[in-house]
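Encoded as structure tokens, the structure appears first; notes follow it.
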Amino acid sequence: TQDNDLLDRLAADDRLGISRERLEQLLDEGKQRCGNAQAQVDGFVSQVDDLVGRYPEAAGYQPGSIL
């Protein structure tokens with residue numbers, strides 16, 4: 001896997017003129033304004049993990065032609 005270097009690349013882009021620290025601040029502000037979204041995502045991921053654990057063979061499902 002690769003490390004996520006998006007903030008480093010954005011901060012290095014002179015066209016934007018935004019420091020890495022400011023980018024981190026903006027992301028943190030966004031997290032504070034997302035309400036219950038993170039809990040909803042975590043709940044969904046938990047449900048998916050449960051289904052994957054109960055039905056691992058479903059990962060290989062290939063739908064047939066519908067027409």
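Please tell me if GLN25 is modelled with pLDDT of 95 or more and either open to solvent by 100 Å² or more (accessible area, probe 1.4 Å) or touching a Gly at 6+ places or on another chain (Cβ under 7 Å) (or both). First the steps, then the outcome.
Details: modelled with pLDDT of 95 or more: yes; either open to solvent by 100 Å² or more (accessible area, probe 1.4 Å) or touching a Gly at 6+ places or on another chain (Cβ under 7 Å) (or both): no.
Judged against the criteria, GLN25 is not a match.
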Problem set entry | Those residues of the range 33-67 which are of a type in the set (D, E, K, R) and part of a helix (DSSP H, G or I), in sequence order | ASP42, ASP49, ASP50, ARG54, GLU57
Seminar exercise, completed: Residues in the range 9-22 that are of a type outside the set (Lys, Arg), open to solvent by 50 Å² or more (accessible area, probe 1.4 Å) and in a loop (DSSP other than H, G, I, E, B) total 5
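Identify all residues within the range 29-47 that are open to solvent by less than 100 Å² (accessible area, probe 1.4 Å) and more than 15 Å from the chain's Cα centre (by Cα); write none if there are none. Break it down stepwise before answering.
To start, the set of residues in the range 29-47 that are open to solvent by less than 100 Å² (accessible area, probe 1.4 Å) comprises 29-30, 34-37, 39, 41-43, 45-46.
Result: GLU29, GLY35, ASN36.
The values are calculated or read from the model by the stated rules, or taken from the named source; none is laboratory data. Since the model is a prediction, treat every value here as computed from it, not as a measurement. We place every Cβ from the backbone using ideal geometry, glycine too, and count neighbours over all the protein chains shown. Surface accessibility is based on the protein's heavy atoms, side chains included, excluding ligands, DNA and RNA. Shrake-Rupley method; radii C 1.70, N 1.55, O 1.52, S 1.80 Å.
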